[in-house]
Amino acid sequence: MTIRISPSILSANFAQLGQELESIANADMVHVDVMDGHFVPNITMGPVVAEDVIRTSPVPIDAHLMVADPETWAPAFAEMGAASVTFHAEATPSPIRIARQLRTMGARAGIAINPYTPVEPLLEILPEVDMILVMTVEPGYGGQKFLNVTLDKIRRAREAIDKNGVDVWLQVDGGIAEDTIEIAAEAGADMFVAGSAVFGHSNAAERVDTLRQMAQGIHKH
Ligand code: DX5
Ligand code: ZN
């Protein structure tokens, strides 16, 4: 199983985004959190800043859209060049239409669910998506505590992905750090978002490598 680490720049210094992006050039992707103040109570960056991030980042962009209108914004981020675009299942009655549009535009299509949202409906449409993101905190802010109640859902998603033999990445996001990445990996996650566990430390690249090694250690067994 390929392990991927996607640092969330939400915890980076936004006044020095260029340097921050360079500091994690060993990551597999860079996680860009887009919040609109409607789907979640917080507001982060919009397309103007994101477009510069996409253009200058040394690694491909993993965009996480916490927005109320994914029909508009998911294709817009694909158009801007995000390699992967994830929108929330709670925000649309038509996830297949959005996923197909993303794929047609050459982006990977990801669907995210909040901790309280059941994963089962997504398991019905696995061939239509490239990634499932199980939120391991309520979306909106960095630095929250990992919610253990999401582990069963990660396990059920992993089982379904393996049973169907599809190439769907299983991402976890929220509270992932050295004390939680192993239990998330054990439950079956293969892509790990980490914000506060990577940025704000003297050597961000080292944190990325450490997290990757910890998750790899679990999947070797
Ligand atoms: C939360 C965001 C996360 C956040 C993770 O709504 O989707 O990507 O940046 O931050 P940490 O790793 O600090 O929990
Ligand atoms: Zn995120």
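Miscellaneous remarks
- Which listed residue is at pLDDT below 95, assigned to a loop (DSSP other than H, G, I, E, B) and surrounded by fewer than 18 Cβ atoms within 10 Å (Cβ to Cβ), from His219, His201: His201
- Scan of segment 141-153 for residues that are within 11 Å of ligand 1 (Cβ to nearest atom) and either crowded, with 20+ Cβ neighbours inside 10 Å or without any contact (Cβ under 8 Å) to a residue 60 or more places away in the chain (or both), ordered by number: Gly142, Gln144, Lys145, Phe146, Leu147
- Subset of segment 82-100 [under 27 Å from Thr56 (Cβ atoms) and either surrounded by fewer than 17 Cβ atoms within 10 Å (Cβ to Cβ) or within 16 Å of ligand 1 (Cβ to nearest atom) (or both)]: Ala82, Ser84, Val85, Thr86, Phe87, His88
- Hey, Glu138 away from ligand 2 (no atom under 16 Å from the Cβ), surrounded by fewer than 22 Cβ atoms within 10 Å (Cβ to Cβ) and of a type in the set (Asp, Glu) or not: no
- Top-ranked residue of segment 171-198 - restricted to ones that are in a loop (DSSP other than H, G, I, E, B) and more than 15 Å from ligand 1 (Cβ to nearest atom), ranked as surrounded by the fewest Cβ atoms within 10 Å (Cβ to Cβ): Asp190
- Contact map, segment 165-193: residues that are closer than 17 Å to Leu147 by Cβ and without any contact (Cβ under 8 Å) to a residue 40 or more places away in the chain paired with residues that are polar (S, T, N, Q) and in a loop (DSSP other than H, G, I, E, B), Cβ distance under 7 Å, separation 6+ or inter-chain. Pairs shown: Val172/Thr136; Gly174/Thr136; Gly174/Gln144; Gly175/Thr136; Gly175/Gln144.
- Residue-level check: of (1) part of a helix (DSSP H, G or I); (2) touching a strand residue (DSSP E or B) at 6+ places or on another chain (Cβ under 6 Å); (3) more than 20 Å from Gly106 (Cα to Cα), Met35 misses just (1).
The values are calculated or read from the model by the stated rules, or taken from the named source; none is laboratory data. Predicted, not measured: the structure shown is a model, and the values here were computed from it. Cβ atoms come from the backbone with ideal geometry, glycine included; neighbour counts cover every protein chain shown.
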